[in-house]
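Taking it in order: structure first as structure tokens, then the write-up.
Read the figures in this text as sums done on the coordinates, not as results from a lab. Only a predicted model underlies this, so the values are computations on that prediction, with no experimental measurement involved. In this analysis, Cβ positions are derived from the backbone assuming ideal geometry, glycine residues included, and neighbour counts consider all displayed protein chains.
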Amino acid sequence: MKKIMTFVLAMVLSVVAVFAFTGCGEAKKKLVVYTEIELTAETYAFAINKSNTELKEDVNAILADLKENGELDEIINSFFDGNAEFTYTNPSAPTASNRANYFVVGTNAYFPPFEHYEGNKLSGIDMQIASIIATELGKTLYIKDMEFDSLVPAVEIGEVDIAMAGMTVNEERLKVVDFTDGYYTSAQVITVVEGDDTFADCKTAEDVENILKSKGSNYKIGTQNGTTGYMYSAGDEGFGYDGFKNLTTKGYTTGALAMQDLRNGKLNAVILDKQPSIMITKSMNK
Ligand code: ARG
């Protein structure tokens, strides 16, 4: 009996081993995030139309309460720990005649744990805060999921009341929209495939940057379009910041698509916000 069990176990293990190497026909490499090396220091806040000072004051008051009573920390921790239960089913879209009853939130729901889908329901830290704000305002929450780089323009033209999307406050955006008080501090981090020791000896952002500066145009960094990660890598002309013009920055519609290309060997590294990098790689490395 014992022998049979051992044999069965050996069979199972060898099948598992073969799958680990081949995946679905192709070797999938694990992704390694340099979580300790923060390349930037960023604050997330919600973007509101410059003329809507009333909403900004309301949201700031709600945020202040959530901070003071510990609820904000609770929400954030529950999503980091993976035991959050909040999900939201979008109602049908507001119409011209009932628009005033809705709190319309713009997001890009591919940024766990701030906004993402659970099946076809919305979830994430920003989504839970959005639902609290809607309740406080006595309105129905409607989430408009769009490309990240459409969010600031959507706030500007009033297509959405607010953008809640793990969005970093920066000078560029402040020219066109207002921001609420901050609710989270974050950073860009770099991810490579397991076994790539390019950054293995790095301890600081400067160490990473010196290596990045030494690369040529055949070195490819993936990031999400319109984000601070993109600006960090490709530069930002408006602010006379050159970024790493020596290498190639490739923009993707979502961070997960960049990570996928990294895993498939089409990129050398990905630069993305820290917590989303951790969450996305964790699910891909499974
Ligand atoms: N924090 C970065 C920025 O503001 C990335 C945000 C991406 N958010 C998203 N929901 N996809 O540019």
The stretch 250-283 and the stretch 155-178 have their Cα centres apart by a whole-number Å value of 24 Å
Taking every alpha carbon pair in the stretch 32-188 and sorting the distances into 5 angstrom bins from 0 up to the bin holding the longest one, the percent per bin comes out as 2, 9, 18, 23, 23, 15, 7, 2, 1, 0, 0
Cα-Cα longer than 32 Å, checked against LYS121/LYS250; LYS121/LYS215; LYS250/LYS282, kept in input order, equals LYS121/LYS215
Packing-ranked peptide list from 181-192, 125-136, highest mean Cβ count within 10 angstrom first, is 125-136, 181-192
For LYS56, counting only lysines whose alpha-carbon sits under 26 Å away and dropping same-chain residues fewer than eight positions off, the answer is LYS67, LYS139, LYS144, LYS175
So ASN77 and GLU209, fully extended at 0.36 nm per residue minus their Cα-Cα distance, gain in nm 44.4 nm
Relative contact order in percent for the chain (Cα pairs under 8 Å, 6+ apart) equals 26 percent
Footprinting proxy, ILE280, ILE211: sorted fewest to most Cβ within 10 Å, the residues are ILE211, ILE280
Residues other than LYS220 with Cβ under 11 Å of its Cβ, Lys/Arg counted +1 and Asp/Glu -1, net out at +2
Surrounding charge for PHE111, neighbours by C-beta under 10 angstrom, Lys/Arg +1, Asp/Glu -1, total -3
Helix-only [θ] at 222 nm, the chain, -39500 (n - 2.57) per DSSP H run of 4+, per residue, nearest 500, equals -11500 deg cm²/dmol
Using the Kirkwood radius over Cα pairs of the stretch 151-286, the Stokes-Einstein translational diffusion coefficient at 10 °C and 1.306 mPa s, in µm²/s and rounded to a whole number, is 99 µm²/s
Listed residues LEU174, LEU39, LEU72; largest mean-square fluctuation, Gaussian network over the chain with Cα springs below 10 Å, found at LEU174
Interchain or sequence-distant (5+) residues whose placed amide H lies within less than 5 Å of the amide H of THR140 are TYR102, PHE103
For the stretch 198-265, listing trypsin sites (Lys or Arg not before Pro) in a DSSP loop whose Cβ sees at most 14 other Cβ atoms within 10 Å gives LYS203, LYS245
Whole-number value, in Å³ per residue, for the convex hull of the alpha carbons of the chain is 174 Å³
The helix 53-68 Cα axis meets the longest alpha-carbon principal axis of the chain at an angle in degrees, between 0 and 90 and rounded to 10, of 50 degrees
If ASP197, ASP178, ASP236 are placed from fewest to most neighbouring beta carbons inside 10 Å, the sequence is ASP197, ASP236, ASP178
Relative to the chain, whose Cα atoms define the longest principal axis, helix 274-285 and its Cα axis are tilted in degrees, nearest 10, by 40 degrees
To the nearest 10 degrees, the tilt of helix 125-137 (Cα long axis) against the first principal axis of the alpha carbons of the chain is 20 degrees
For the stretch 175-188, Karplus-derived ³J(HN,Hα) couplings (6.51, -1.76, 1.60; θ = phi - 60°; whole Hz; x for glycine and proline) come out as 5, 10, 9, 9, 10, 6, 5, x, 10, 6, 10, 9, 7, 7
Cβ-Cβ cut-off under 11 Å around VAL169, Lys and Arg +1, Asp and Glu -1: the net charge is -4
